[in-house]
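Participant: Dumping the structure here so I can ask a few things about it.
The values are calculated or read from the model by the stated rules, or taken from the named source; none is laboratory data. These numbers come from a predicted model, not from an experiment. When we count neighbours, we look across all protein chains shown, and the Cβ atoms used for this are built from the backbone with ideal geometry, even at glycine. These accessible areas exclude ligands, DNA and RNA; they are computed on the full protein's heavy atoms, side chains included. Shrake-Rupley method; radii C 1.70, N 1.55, O 1.52, S 1.80 Å.
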Amino acid sequence: MKVALIHDWLTGMRGGEKVLEVFCELFPDADLFTLLHIKGSVSRLIEDRSIKTSFIQKLPFVEKRYRHYLPLFPSAIEQFDLRGYDLILSSSHCVAKGVIPSPDAVSISYIHTPMRYVWDMYHDYFGRGRAGIFTRFAMLFVANYLRKWDVDSTNRCDYLIANSSHVAGRIKRYYNRDADVIYPPVEVKRFNTSDASADFFLIVSAFAPYKRIDIAIEAFNKLGLPLKIVGNGQDEKRSKKMAGENIEFLGWCNEDKLVELYSRCRALIFPGEEDFGIVPVEAMASGRPVIAYGKGGALETVIPLEGARVKDQGVATGIFFYEQTPEALIEAVRIFEKNQDSFYPKLIRKHALKFDREIFKEKISDYIAGKCKDS
């Protein structure tokens, strides 16, 4: 088969790029199409592809302000000429699924999320206090166009894969399409447990509005407990202004440092609602429990203390709080401190192994082979 891989943009290594890496391994001769590519921002496995970019690549200030060109993304993704390709395999959280395949091609899209900017997180990105008055006014008109395009373009895909049951539900709600669920890859084997835990709690996250790092900062300001935050992003300055002296910002850390932080923290704090959430699985692969907002993908990866007791599963991997408020998080931290002896690092890690990268690779390979055979 002649295969085309489609990805929204290549600007850094996050969960979507980990999925794309597996696609590159499965189809080493495939061409890769993307809106824009910042050279050196992704792994060598991806960089070594034949990468074809859109006109977005040539627009001013694109490396730092590419999201400002959101209204142009549908036209840009549709410009790619995919004639002659037998399989179109897209990794999409924005517009990648909207490429136009040739009539005889099989189009399969792995959906990380419906376009969050215009659906359930519209107000997180464009609400009052998050965007300027001109941007908010413009989005009143642009958002409806993007929503319609997002729904219509889904019909170009023969098959949809969701990265969690949570996302499959949103795909059904917004697109009225069924999606098969295959959890994304987590490199569980590169993490390890440690007997020498430190006294700090940990956050690993981009500073995006929906990550709700502000909740954790407010909570730990009141708790006075040490909190280390790994990451950067658009809300970083605002977050640093909020934080007390007990909160330390580390920026992005290299892999060795991150592995160490995971293995030595008391627990991971996960205050946002994620479509799947690779970070909690990485923490559990390190044997550390997770204190998470009880909604979204975390419900599919974390076994809460109360759930383990009720279901007699023999392992608890975290604690949920069910209101996105500092007060709810504070209460969850206090419950954790009273029940620390209920969490066993080796059992937590064993639970995380079911999300390992090799399992994903096998499942996605079998799925693609089956759908291509049926078509």
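Participant: Starting from residues that are among the β-branched types (Val, Ile, Thr) and part of a loop (DSSP other than H, G, I, E, B), keep the ones in segment 25-46 and report whichever is most open to solvent (accessible area, probe 1.4 Å). Let's see the steps before the verdict.
Facilitator: Kept after step one, since they are among the β-branched types (Val, Ile, Thr), are these residues of segment 25-46: 34, 38, 42, 46.
Add one more test, that the residue is part of a loop (DSSP other than H, G, I, E, B), and what stays is 38, 42.
On the way: 38: 33, 42: 14 Å².
Taking the candidates together, the pick is 38.
Participant: If only one of 192, 176 is in contact (Cβ under 8 Å) with a residue 60 or more places away in the chain and either surrounded by 16 or more Cβ atoms within 10 Å (Cβ to Cβ) or not basic (Lys, Arg) (or both), which one is it?
Facilitator: Of 192, 176, the one residue that is in contact (Cβ under 8 Å) with a residue 60 or more places away in the chain and either surrounded by 16 or more Cβ atoms within 10 Å (Cβ to Cβ) or not basic (Lys, Arg) (or both) is 192.
Participant: Just name the residue that is surrounded by the fewest Cβ atoms within 10 Å (Cβ to Cβ) out of those in segment 267-278 that are touching a Phe, Trp or Tyr at 6+ places or on another chain (Cβ under 8 Å) and modelled with pLDDT under 95.
Facilitator: The residue in question is 273.
Participant: So, one more: Taking segment 195-205 as the search range and keeping residues that are surrounded by 19 or more Cβ atoms within 10 Å (Cβ to Cβ) and not aromatic (Phe, Trp, Tyr), which one is nearest to the chain's Cα centre (by Cα)?
Facilitator: Per the stated criteria, the residue is 205.
Participant: Can we say residue 297 is touching a residue at least 12 places away in the same chain (Cβ under 8 Å) and under 27 Å from residue 92 (Cα atoms)?
Facilitator: So residue 297 passes the test.
Participant: Something else now. Within segment 8-16, can one find any residue that is open to solvent by 10 Å² or more (accessible area, probe 1.4 Å), in contact (Cβ under 8 Å) with a residue 40 or more places away in the chain and of a type in the set (Asp, Glu)?
Facilitator: No: segment 8-16 contains no residue that is open to solvent by 10 Å² or more (accessible area, probe 1.4 Å), in contact (Cβ under 8 Å) with a residue 40 or more places away in the chain and of a type in the set (Asp, Glu).
Participant: Also, quick follow-up: Residues being free of Cβ contacts under 8 Å to residues at least 40 places away in the same chain and either touching a Pro at 6+ places or on another chain (Cβ under 9 Å) or assigned to a loop (DSSP other than H, G, I, E, B) (or both): count how many of those fall in segment 222-247. If you could, list the steps in order and put the result at the bottom.
Facilitator: Of the residues in segment 222-247, the ones free of Cβ contacts under 8 Å to residues at least 40 places away in the same chain are 224, 226, 228-247.
Narrowing the set further to residues that are either touching a Pro at 6+ places or on another chain (Cβ under 9 Å) or assigned to a loop (DSSP other than H, G, I, E, B) (or both) leaves 224, 226, 231-235, 243-247.
Selection size over segment 222-247: 12.
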